[in-house]
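K.L.:
If you scroll down you'll find the structure; I have some questions about it.
The values are calculated or read from the model by the stated rules, or taken from the named source; none is laboratory data. Because the structure is a prediction, the values reported are computed rather than measured. For neighbour counting, all protein chains shown are included, and Cβ atoms are generated from backbone atoms with ideal geometry for every residue, glycine included.
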Amino acid sequence: MVSKIISSSIVGIAGVKVLVEVDLSQGIPTFDIVGLPDSAIKEAKERVRLSLKNTGVEFPLRRITVNLAPADLKKEGPAFDLPIAIGILCSMGIIEYGKIKDIFFSGELSLDGMIKPVTGILPMVHNLSQGGVNTFVVPHENKEEAALIRGINVYGAKSLKELIEHFKRPIIEPAVPKDHTEEFLQNFIELDFKDVKGQENVKRALEIAASGYHNILMIGPPGSGKTMMAKRLKYIMPNLNFDESIEVTKIYSISGLLSDKEALVSNRPFRSPHHTISYAALTGGGRFPKPGEISLAHKGILFLDELPEFHRNVLEVLRQPLEEKFVNISRVGGNVTYPSDFCLVASMNPCPCGNLFNGDKCSCRLSDVSKYLAKISGPLLDRIDIQVETSQINYDDIGYKSQSQAENSETIKKRVLKTIEIQKNRYKDENIKYNSELGPSQIEGYCQLDEASHALLKSAFDDLGLSMRAYHKILKLSRTIADMEERENIEIHHIAEAIQYRSLDRKYWK
């Protein structure tokens, strides 16, 4: 008898249905697994054999063949241990096949028969539930993650013995989905802008970045608060909605980054990789590709501190994801696509010592400054909407401006949410949410200018030698600034401010 157990493998961030076909036949006792398994799956033979033995089931001395269909899809990981064991138990007649033929199984087995958690449960359950599967058996530690998907039955199993008993008479209670409504409504602010002294121009730029989901680069001397402000940006951005949260949680699930206490990622990610990171770790990769930092920052912030300290080839791989909002990874293990819709926040010093315009304090040679700045290419700069300078903090900002007078993050966030609501209503019939996502044809429709604004923009285009991409960035930035003032049309002072945020590359990268 052939038993066909429903399971799943991960491709990108999607779960792909896999049928674990188990056949027991007469012949010399062997145990073969076919269907492009990796080493972890091949080693399942010993885990399954000993877990059955230690559960009290005599392992069959027959020819056992396991096929993972479709056979042309490469599969990895220990998640097939449980479906293989269930298939053997069905073929032996210990579990009635009719009771489990439409049920999904996934889990790793320990040698004593306990079921251990696996990564990627959420994308597996999400995709197979859309394909008609209604009942899922997963490791007990993964049940809350699986129960995030509504309208299905999820059973968390602790051991193989418990499952055998469950299919004789139900003893495992289905998981009860948690209500995460409060998590999305809460306005918890861990880091507040009221702690930032001075830098009002930078706070304004960061508010614009949050309001339109624009990329931003901060340039200034060390100790001027660049990192401090970057870490506070996520707290003035809108909360994730449930669909966005599920999408982010999928990525963290297959990366194995979900904590035991957190089944759902409800806060916007903030990723800050060290400048020694490789391009594969940034974009994703490996023999069997896994998401990189740009995907872990999906729907959140990717903060690159000390931007010129990153290797140039690492920074260059950002160019396509910044435009397309996804990244394609091609490896021996397969080709996958990961989402990478992040807000890039970068900071840097103006020179290696950081004191380029600070009187006689700069000790850098002109060649050192040029070499330092040359690590950031023109095409990458062209993809950053806002460039803003931070200044050295004055004593007056620290000593006389009291904390109560500084604007807090809650106040700023209210303005940001109001601006985003304007965009939401405007683009309700478009497949976009923010001004930064406007395409060329949409820019023509939503970014109309009067003659004075056209003249100013033409002058800036010619004088600064702007590219077509920079021209579009200015228009999208102007649209966000106008929305912040609740203006229906873009006016000349909106254009002027947007141009100001595009001029630093001409100051530093002459």
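K.L.:
I want to confirm something. Restricting to the stretch 75-120 and keeping residues that are over 27 Å from Val265 (Cα atoms) and among the small types (Gly, Ala, Ser), which single residue is farthest from the chain's Cα centre (by Cα)?
P.N.:
The qualifying residue farthest from the chain's Cα centre (by Cα) is Gly93.
K.L.:
Return a yes/no flag: does the stretch 181-196 have any residue that is closer than 21 Å to Ile386 by Cα and not hydroxyl-bearing (Ser, Thr, Tyr).
P.N.:
Yes - at least one qualifying residue is present in the stretch 181-196.
K.L.:
From the set of residues in the stretch 170-192 that are surrounded by 10 or more Cβ atoms within 10 Å (Cβ to Cβ) and of a type in the set (Val, Ile, Thr), which is nearest to Ile236 (Cα to Cα)? Break it down stepwise before answering.
P.N.:
Step one: filter the stretch 170-192 for residues surrounded by 10 or more Cβ atoms within 10 Å (Cβ to Cβ), giving 170-172, 174-178, 180, 183-184, 186-187, 189-192.
Then keep just the ones that are of a type in the set (Val, Ile, Thr); that gives 171-172, 176, 189.
Working: Ile171: 47, Ile172: 43, Val176: 33, Ile189: 9 Å.
Checked the stretch 170-192; the qualifying residue nearest to Ile236 (Cα to Cα) is Ile189.
K.L.:
Conditions: (1) at negative phi; (2) crowded, with 19+ Cβ neighbours inside 10 Å; (3) not basic (Lys, Arg). Asp72 meets all but one. Number of the miss?
P.N.:
Result: Asp72 fails condition (2) only.
K.L.:
Kindly establish whether Lys194 is basic (Lys, Arg) and assigned by TED's automatic domain parsing to the domain that holds Lys234.
P.N.:
Details: basic (Lys, Arg): yes; assigned by TED's automatic domain parsing to the domain that holds Lys234: yes.
Yes.
K.L.:
Restricting attention to the stretch 427-436, and to residues there that are surrounded by 12 or more Cβ atoms within 10 Å (Cβ to Cβ) and out of contact with any helix residue (DSSP H, G or I) (no Cβ under 7 Å at 6 or more places or on another chain), which single residue is nearest to Leu344 (Cα to Cα)? Break it down stepwise before answering.
P.N.:
Going residue by residue through the stretch 427-436, those that are surrounded by 12 or more Cβ atoms within 10 Å (Cβ to Cβ) are 427, 430, 432-436.
Those still in the list that are out of contact with any helix residue (DSSP H, G or I) (no Cβ under 7 Å at 6 or more places or on another chain) too: 427, 432.
Working: Tyr427: 23, Ile432: 18 Å.
Filtering first and then ranking leaves Ile432.
Yes/no per residue for (1) under 30 Å from Val332 (Cβ atoms); (2) touching a Lys or Arg at 6+ places or on another chain (Cβ under 7 Å); (3) among the polar types (S, T, N, Q); (4) in contact (Cβ under 8 Å) with a residue 24 or more places away in the chain:
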residue: Leu73; (1), (2), (3), (4): yes, no, no, yes
residue: Ile95; (1), (2), (3), (4): no, no, no, yes
residue: Lys99; (1), (2), (3), (4): no, no, no, yes
residue: Asp112; (1), (2), (3), (4): no, no, no, yes
residue: Val118; (1), (2), (3), (4): yes, no, no, yes
residue: Ile121; (1), (2), (3), (4): yes, no, no, yes
residue: Asn127; (1), (2), (3), (4): yes, no, yes, yes
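K.L.:
Let me ask you something else. I'd like the full set of residues that are within 25 Å of Ile254 (Cα to Cα) and surrounded by 14 or more Cβ atoms within 10 Å (Cβ to Cβ), limited to the stretch 88-111. Walk me through it before giving the result.
P.N.:
In the first step, residues of the stretch 88-111 are kept if they are within 25 Å of Ile254 (Cα to Cα); the result is 102-111.
Within the stretch 88-111, Ile103, Phe104, Phe105, Ser106, Gly107, Glu108, Leu109, Ser110 qualify.
K.L.:
Related question: If you go through the stretch 472-486 one residue at a time, do you hit one that is in contact (Cβ under 8 Å) with a residue 40 or more places away in the chain, buried (at least 19 other Cβ atoms within 10 Å of the Cβ) and of a type in the set (Asp, Glu)?
P.N.:
Within the stretch 472-486, one or more residues are in contact (Cβ under 8 Å) with a residue 40 or more places away in the chain, buried (at least 19 other Cβ atoms within 10 Å of the Cβ) and of a type in the set (Asp, Glu).
K.L.:
Select from the stretch 151-169 the residues that are without any contact (Cβ under 8 Å) to a residue 24 or more places away in the chain and either part of a strand (DSSP E or B) or surrounded by 15 or more Cβ atoms within 10 Å (Cβ to Cβ) (or both) and list them in ascending order. Walk me through how you get there before you give the answer.
P.N.:
In the first step, residues of the stretch 151-169 are kept if they are without any contact (Cβ under 8 Å) to a residue 24 or more places away in the chain; the result is 151, 153, 155-156, 162, 165-166, 168-169.
Residues satisfying the conditions are Asn153, Tyr155, Gly156, Glu162, His166.
K.L.:
Sticking with this one: Within 31 Å of the chain's Cα centre (by Cα), not in a helix (DSSP H, G or I) and not aliphatic (A, V, I, L, M): does that describe Arg479?
P.N.:
Working: within 31 Å of the chain's Cα centre (by Cα): yes; not in a helix (DSSP H, G or I): no; not aliphatic (A, V, I, L, M): yes.
Answer is no for this residue.
K.L.:
Within the stretch 337-357, take every residue that is hydrophobic (A, V, I, L, M, F, W, C) and part of a loop (DSSP other than H, G, I, E, B) and give me the one that is farthest from Ser478 (Cα to Cα). Full working, then the answer.
P.N.:
Going through the stretch 337-357, the residues hydrophobic (A, V, I, L, M, F, W, C) turn out to be 342-346, 348, 351, 353, 356-357.
Subsequent filtering for residues that are part of a loop (DSSP other than H, G, I, E, B) retains 342, 351, 353, 356-357.
Values: Phe342: 21, Cys351: 30, Cys353: 34, Leu356: 30, Phe357: 29 Å.
Result: Cys353.
K.L.:
Further question: For the stretch 200-222, enumerate the residues that are assigned to a loop (DSSP other than H, G, I, E, B) and in contact with a Ser or Thr (Cβ under 6 Å, 6 or more places away or on another chain).
P.N.:
Start the filter on the stretch 200-222 by keeping residues that are assigned to a loop (DSSP other than H, G, I, E, B), which leaves 213-215, 220-222.
Tyr213, His214, Gly220 - these are the residues of the stretch 200-222 that are assigned to a loop (DSSP other than H, G, I, E, B) and in contact with a Ser or Thr (Cβ under 6 Å, 6 or more places away or on another chain).
K.L.:
Enumerate the pairs (first residue in the stretch 353-377 and in contact (Cβ under 8 Å) with a residue 24 or more places away in the chain and not assigned by TED's automatic domain parsing to the domain that holds Leu217; second residue anywhere and part of a loop (DSSP other than H, G, I, E, B) and surrounded by fewer than 18 Cβ atoms within 10 Å (Cβ to Cβ)) with beta-carbon separation below 9 Å, excluding pairs fewer than 6 apart on the same chain, so at least 6 apart or on different chains.
P.N.:
none
K.L.:
Look through the stretch 282-308, keep the residues that are without any contact (Cβ under 8 Å) to a residue 40 or more places away in the chain and under 19 Å from Val345 (Cβ atoms), and return whichever of them is farthest from the chain's Cα centre (by Cα). Write out each step before concluding.
P.N.:
Of all residues in the stretch 282-308, those without any contact (Cβ under 8 Å) to a residue 40 or more places away in the chain come to 282, 290, 293.
Remaining after also requiring under 19 Å from Val345 (Cβ atoms): 282, 293.
Details: Leu282: 12, Glu293: 8 Å.
The selected residue is Leu282.
K.L.:
It is to be established whether one or more residues within the stretch 298-306 are over 30 Å from Gly15 (Cβ atoms) and out of contact with any Phe, Trp or Tyr (no Cβ under 8 Å at 6 or more places or on another chain).
P.N.:
yes
K.L.:
Still on this structure, I have one more. Would you mind finding the one in Lys413, Lys375, Lys424 that is in contact with a helix residue (DSSP H, G or I) (Cβ under 7 Å, 6 or more places away or on another chain), among the charged types (D, E, K, R) and closer than 29 Å to Asp192 by Cβ? Walk me through it before giving the result.
P.N.:
On the way: Lys375 fails: closer than 29 Å to Asp192 by Cβ; Lys424 fails: in contact with a helix residue (DSSP H, G or I) (Cβ under 7 Å, 6 or more places away or on another chain).
Just one listed residue meets the conditions, Lys413.
K.L.:
Continuing with the same structure: Which residues, counting only those in the stretch 281-336, are assigned to a strand (DSSP E or B) and over 25 Å from Asn239 (Cβ atoms)? Working first, answer last.
P.N.:
Kept after step one, since they are assigned to a strand (DSSP E or B), are these residues of the stretch 281-336: 284-285, 290-291, 301-304, 326-331, 334-336.
Correct list: Gly284, Gly285, Lys290, Val327, Asn328, Ile329, Ser330, Arg331, Gly334, Asn335, Val336.
K.L.:
Starting from the stretch 177-199, take each residue that is part of a helix (DSSP H, G or I) and list its partners that are charged (D, E, K, R), counting only C-beta distances under 7 angstrom and pairs at least six apart or across chains.
P.N.:
Within 7 Å, the pairs are Phe193/Lys203; Phe193/Arg232; Phe193/Glu407; Lys194/Glu407.
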